[in-house]
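Down below is the structure, laid out as structure tokens.
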Amino acid sequence: MAGYQDNAQCILDYLALFQALSARDADAGLCQKQREAILARERSSPGVQLAPPLLRRQFRLSERDFLLAMAALALEMDGGLRNSFRRSYGLSLPTIEYGLQLISPICPSGCRTLAELAGENTLCGLLLTTAEPAAYPLERPLILCRTALAFLTGLSAAAIPACTPRIDDGTQWLPLYGQALEQVRAWYGQGRESTLYLCAPAGSGRRTLLLRACVNVVELSLAELAQFSPPDQDHGLREAAALAVLLNAPICALPDPQRKLFRTLERLCRQFAVPLAVLAEDDGALEGAGEVVRLPPALPAGQRREAWSLLVPGAQPGAAPRGAMTIGAVRETARLALRSAAAAGREAVTAEDTRRAMLQRGGALEFGVRYHTDVTLRDMILSDSLREQLELICQAALCGDRLADWGLPRQREGVTAVFHGPSGTGKTMAASAIAGRLGMPLLRADLSRLMDKYVGETEKHLGRLLRGARENHCVLLFDEADALFGKRAAVSAGQDKYANLSTSYLLQEIEQYDGVAILSTNLLGNFDDAFLRRLQYIVRFSLPDAALRETLWRQALPARRCGEALPYAALAQAELSPARILAAARGTAVAAMAAGRETADLNDVVKALRMELEKDNKALPRELAGLVKKEAP
């Protein structure tokens, strides 16, 4: 017997079979021959993809359950068959009981039928919709779920809310996680009855790893599904499970915050032997985990350079990105850098292309404010010693990824430093200049949002801040950091214990941070001593001496803006910080503009300087007091 040319011919034969079964005087022998003819044609079509036999094999359906599924399809597609049912039963929806009567000439029911349909039955659990739950199994609607209907009629996947089937599209595989890949393959091949947890930060390549190991994946966002009504949630879970069975693929779940839907999904997957993989971002989400595959939160320097060379072949030396990055961040940076080089007409990616790509790429930012800085160390008036320390911090950040090549044990790429000294001495501006020197944005921690009165919340906020800083490749600045990283106190009350735990956690997190973190404070003595020992650089910003103050005055009030020659050396005798000198220069400019003049005179400067000194109850230096011109009455 000739086989089928396509799936449509096979479906039409099944429709003809159920039309014959629905006749009042249905001939059981003739219907059985029709069924046998369909089976023979299916066997004679080895090169044609036919949905009915594939559905039966994938779900391991008995003859009865398979015929019930095809009866549901026939009732869906054939209006005459539906009208016949409605005339006979007076119901709007066909039921399983009607389906059993329909197929009885070729597949009679037995005594165990009711018990089998009421138990863990694949037909009722996955292939039939649960639109109208019934008290009795035989009264359940005989209606196919969207997944089964789309597959039988078009060998396609139905659109399911919060569910996305993914197929390995041949994305370049970076051979960095060979051991983890083999572990996932072993789970999928042999131990997939347990839930697999892939634990790593977002962007670490968990989905790519799962696709590489399993070829097909059904991705299900439980947080998105949780927004629907309970019946729709139930439909979504069962549709996703049915799709996973059809594709012979695991479900890749992104858990909902309360994990209610996840527990339901896990029970459903165990009931019908559907492999389930969970994407977890931290160990806190591993509740009840049976098997865990952990990926590193960031690529080590060697693997990062290896990935870069594979993604950007022929890049110029020194073009590889620096700092802690996931494989997803490296891939996105490579894409943007290649685009930058192509726009400039270059074949090879340069360090400047990479710098631009790092600034363009970004993830979610929480509990911090991001700045793009244009200040450089060259712009700042600093002592030679201070400038040398700041340059050393920049070099440490630039060379951090090569420390392991020197054979130094247990060295991390991150740089941590504390800037301390009086207010206005340039600590924040120095952090901004370091960010500019490294070609990175500056992220200032927002302590008003970061700190929380509830136990454990500040730690969570800090973790999200650090993750955002890594994703966006930022220099992280904690201004007035002693408020966050203060000394631990002797325990005299319950709140002291929790405060000390919070401080200890913060100290550990900042010590292990693999980016560039700068803490500024006016009160170094308020820091915990154990924390100071863990910092790599402690830089003191002191008030500038007279020579530096004179340079600052000349920079703030250039000669072209002065109507007369200013006594810069005399102005420098006032002991002010750089910020206070700039404030005096601003006051000078405001006074001149208010008088309608384009240039400032000495009186404007002295008035502004006197106002700054009076903030500290200081008087004008003698050198300036005698130079002030008395105003005309």
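Between the listed residues 15, 161, 320, the Cα displaced farthest toward the positive end of the dipole of the chain, a dipole computed from Cβ unit charges relative to the Cα centre, is found at 320.
Computed about its Cα centre, the charge dipole of the chain is approximately 600 debye, with only Lys, Arg, Asp and Glu carrying charge at their Cβ. Taking the dipole about the Cα centre of the chain, with the C-beta of Lys and Arg at +1 and of Asp and Glu at -1, give me whichever of 125, 602, 141 is farthest to the positive side. About the Cα centre, the residue reaching furthest to the positive side is 602. The heavy atoms of residue 402 offer some 110 square angstrom of accessible surface to a 1.4 angstrom probe. For segment 1-62 versus segment 369-384, the spacing of their alpha-carbon centroids is 77 Å. Computed from the C-beta positions of residue 264 and residue 49 and an R0 of 22 Å, the FRET efficiency is 0.10 to the nearest 0.05. For segment 287-362, the residue among 297, 330, 344 whose Cα projects farthest onto the positive side of the dipole built from Cβ charges is 344.
What does the charge count around residue 224 come to, taking other residues whose C-beta lies under 12 Å from its C-beta (Lys +1, Arg +1, Asp -1, Glu -1)? If you can, show how the numbers build up before the last one.
Values: positive: none; negative: 219, 232, 256.
Net charge around residue 224: -3.
Think of it as helices only: each DSSP H run of n ≥ 4 in the chain is worth -39500 (n - 2.57), and spread over all residues that comes to -14500 deg cm²/dmol at 222 nm. Rounded to the nearest 0.05, what FRET efficiency is calculated for residue 559 and residue 383 with R0 set to 22 Å and r the Cβ-Cβ distance? Rounded to the nearest 0.05, the efficiency is 0.35.
Kindly identify segment 208-288 as rounded, prolate or oblate by the Cα gyration tensor criterion: order the square roots of the eigenvalues as a ≥ b ≥ c, call it rounded if a/c is under 1.5, otherwise compare a/b with b/c, prolate if a/b is larger, else oblate.
Numbers: a/c = 1.67, a/b = 1.10, b/c = 1.51.
Judged from the Cα gyration tensor, segment 208-288 comes out oblate (a/c at least 1.5, b/c at or above a/b).
Solvent-accessible area of residue 198, all protein chains in place: 0 Å² (probe radius 1.4 Å, heavy atoms, ligands and nucleic acids excluded).
For the chain, averaging the sequence separation of C-alpha pairs within contact (under 8 Å, six or more residues apart) and dividing by the residue count gives a relative contact order of 9 percent. Charges were assigned to the Cβ only: +1 to each Lys and Arg, -1 to each Asp and Glu. The resulting dipole of segment 57-136 about its Cα centre is roughly 140 debye.
The dipole here belongs to segment 76-231: it is taken about the Cα centre, uses +1 on the Cβ of Lys and Arg and -1 on the Cβ of Asp and Glu, and is about 120 debye. The mean sequence separation of alpha-carbon pairs under 8 Å and at least six residues apart, normalised by the residue count of segment 1-136, gives a relative contact order of 29 percent.
Look at the Cα gyration tensor of segment 287-388: its axes a ≥ b ≥ c give a/c of at least 1.5 with a/b at or below b/c, and that counts as oblate.
First check a/c for segment 43-129, with a ≥ b ≥ c the square roots of the eigenvalues of its C-alpha gyration tensor; if it is under 1.5, answer rounded, and if not, answer prolate when a/b is larger than b/c or oblate otherwise. Don't skip to the end; give the middle numbers.
Details: a/c = 1.88, a/b = 1.25, b/c = 1.50.
In terms of gyration-tensor shape, oblate.
The mean sequence distance of close C-alpha pairs (under 8 Å, at least 6 residues apart), as a share of the length of segment 229-351, puts its relative contact order at 18 percent. One chain, two ends: residue 92 and residue 24. Fully extended at 0.36 nm per residue, the span grows by 22.5 nm beyond their Cα-Cα distance. With θ taken as phi - 60° and the Karplus curve 6.51 cos²θ - 1.76 cosθ + 1.60 applied, the whole-hertz 3J(HN,Hα) list for segment 91-99 is 10, 7, 10, x, 10, 4, 4, 5, x Hz, x standing for glycine and proline.
Each peptide among 349-360, 285-296 gets the average number of other Cβ atoms lying within 10 Å of its residues, and from highest to lowest they stand as 349-360, 285-296.
Determine, from the Cβ-Cβ distance of residue 523 and residue 597 and an R0 of 41 Å, the FRET efficiency 1/(1 + (r/R0)^6), rounded to the nearest 0.05.
Working: r = 42 Å, r/R0 = 1.03.
After rounding, the FRET efficiency stands at 0.45.
State the extension gain, in nm to one decimal, for the chain segment bounded by residue 62 and residue 512, taking 0.36 nm per residue of separation less the distance between their alpha-carbons. List each step's numbers first, then the result.
Numbers: separation 450, 0.36 × 450 = 162.00 nm, distance 5.75 nm.
Gain in length upon complete extension: 156.3 nm.
Taking the longest Cα principal axis of the chain as reference, the axis of helix 327-343 is set at about 70 degrees.
The C-alpha atoms of the chain define a longest principal axis, and helix 384-399 lies at about 20 degrees to it. The long axis of helix 457-472 is offset from the longest Cα principal axis of the chain by roughly 90 degrees. For the chain, the tally of Lys pairs with Cα-Cα distances below 25 Å comes to 17, considering only residues 8 or more apart or on different chains.
The values are calculated or read from the model by the stated rules, or taken from the named source; none is laboratory data. No experiment lies behind these values; they were computed from the predicted model shown. Ideal geometry is used to build each Cβ from the backbone, glycine not excepted, and the neighbour counts take in all protein chains shown. Protein only, heavy atoms only, side chains kept; ligands, DNA and RNA dropped before computing areas. Shrake-Rupley method; radii C 1.70, N 1.55, O 1.52, S 1.80 Å.
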